[in-house]
Amino acid sequence: MKKVISLKVQNLPGVLSHIAGLLASRAYNVDSLTVGRTDDERFSRMTIVVDVDPKKVLQVERQLQKLVTVVQLANLSNVPHVERELALIRVAAEPHERSGVLELTQIFRGSIIDVAPQSLLIELSGNSAKLDAFVEALQPYKIVNFTRSGCIAAPRGDKELKK
């Protein structure tokens, strides 16, 4: 079962590799791991999506909380939250095919961010299911390149995450 864990960590060299190493050494299947600085440059926010047995989620949390560099941890799977991913998709499209690709992109609320003689580059954000559905809708066209950011997540409402 997929679980979304949000970590606030110290923004120091080696923190990402330390956390990734901890997860890998215990054979947890990491679905995605994203990291970026927060408004306070001393800290970064990590979003980890792990595919683990529900019994092992608590074990994952406990092991992460033991790390000195982890300032805050929240299992967002247990609270209302918003998840988003970003995808950049280059689609082969001759000039006569572009209107179909553009129409699909508009339906999914994406943007064409680059136009080349033989292709279009599409930017799309949303939850994982939306991105999967868009890729499925693009089946009549040839996807030349597909890059996906991985999940970022935040709790809904005004509640502050607690360690």
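The values are calculated or read from the model by the stated rules, or taken from the named source; none is laboratory data. Please read all numbers here as calculations on a predicted model, not as lab measurements. Neighbour counts run over all protein chains shown; Cβ positions are idealised from the backbone, glycine included. The area values use the complete protein model at the heavy-atom level, side chains included, leaving out ligands, DNA and RNA. Shrake-Rupley method; radii C 1.70, N 1.55, O 1.52, S 1.80 Å.
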Next item on the list: Report, by residue number, each residue of the range 94-133 that is in a helix (DSSP H, G or I), in contact with a strand residue (DSSP E or B) (Cβ under 7 Å, 6 or more places away or on another chain) and closer than 16 Å to S149 by Cα.
Entry: S128, L131
Checklist line | Residues being closer than 18 Å to T34 by Cβ and open to solvent by 40 Å² or more (accessible area, probe 1.4 Å) - total across the range 67-76 | finding: 1
Note to self: I'm trying to understand the selection: among the residues of the range 46-60, which are touching a strand residue (DSSP E or B) at 6+ places or on another chain (Cβ under 6 Å) and open to solvent by 20 Å² or more (accessible area, probe 1.4 Å)?
What the structure shows: D51
Notebook entry, point to check: If only one of L76, L86, L64 is modelled with pLDDT of 95 or more and touching a strand residue (DSSP E or B) at 6+ places or on another chain (Cβ under 9 Å), which one is it?
Noted result: L86
Check: In this structure, does L121 turn out to be surrounded by 15 or more Cβ atoms within 10 Å (Cβ to Cβ) and either more than 20 Å from S32 (Cβ to Cβ) or of a type in the set (F, W, Y) (or both)?
Finding: yes
Item checked: Only one of E103, E136, E83, E94 that is more than 17 Å from D31 (Cβ to Cβ), of a type in the set (D, E, K, R) and either surrounded by 16 or more Cβ atoms within 10 Å (Cβ to Cβ) or touching a residue at least 24 places away in the same chain (Cβ under 8 Å) (or both) -> E94
Margin query: Any residue that is surrounded by 16 or more Cβ atoms within 10 Å (Cβ to Cβ), assigned to a strand (DSSP E or B) and of a type in the set (K, R) - is there at least one of those in the range 16-38?
Written below: no
